[in-house]
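K.L.:
Starting off with a structure, shown below.
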């Protein structure tokens, strides 16, 4: 048996009555299916849901780059801090010139991380709101209820997309 994890797939469904459901699947068995319904402020189409997924994925890449940059900056500042402390223990007079900038950079990184998190959450909520959702948080629904809505005449389903985390 392979040690590789089975990927998640997600799929949007829109019921005949306009109910928006997001299905998250880890496999084809009923116990591997999770369904969540969303409250919307207007009737949505599959193209709008795909556009939302695209926008969220794009924002995730931008934020990932920002976080990666902060991690590199943090590692460099921490290394300078450690070098400065060691130089101080050795009695080198220049230790303060290494430690102080490192501490300042670490404080700036913490402030940037907090601001970045706030910006990320703001963009995320705005994306969901602009797409027509009341909230980005789904209400979990039973698989039986979801399958009834998805299988009813007039319901439409989007394409299945593989994702790292659902």
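The values are calculated or read from the model by the stated rules, or taken from the named source; none is laboratory data. These numbers were taken from a predicted model, which means no experiment stands behind them. All Cβ positions, even for glycine, are placed from backbone atoms using ideal geometry, and neighbour counts span all protein chains on display.
K.L.:
Are there any pairs, at least 6 apart or on different chains, whose C-beta atoms fall under 8 Å, with the first in region 80-109 and in the same structural domain as residue 70 (by TED's automatic domain parsing) and under 14 Å from residue 70 (Cα atoms) and the second surrounded by 14 or more Cβ atoms within 10 Å (Cβ to Cβ) and modelled with pLDDT under 90, and if so, which?
P.N.:
none
K.L.:
In addition: Considering only region 1-43, state which residues are in contact with a helix residue (DSSP H, G or I) (Cβ under 9 Å, 6 or more places away or on another chain), within 16 Å of residue 159 (Cα to Cα) and part of a loop (DSSP other than H, G, I, E, B).
P.N.:
15, 26 - these are the residues of region 1-43 that are in contact with a helix residue (DSSP H, G or I) (Cβ under 9 Å, 6 or more places away or on another chain), within 16 Å of residue 159 (Cα to Cα) and part of a loop (DSSP other than H, G, I, E, B).
K.L.:
Could you please give the count of residues in region 1-50 that are modelled with pLDDT of 90 or more, out of contact with any strand residue (DSSP E or B) (no Cβ under 8 Å at 6 or more places or on another chain) and under 19 Å from residue 141 (Cα atoms)?
P.N.:
Qualifying residue count for the region: 2.
K.L.:
Then there is this: Residue pairs, Cβ under 9 Å, 6 or more apart or interchain, first in region 56-75 and surrounded by 10 or more Cβ atoms within 10 Å (Cβ to Cβ), second not in a helix (DSSP H, G or I). List them.
P.N.:
Final answer for the pair search is 57/163.
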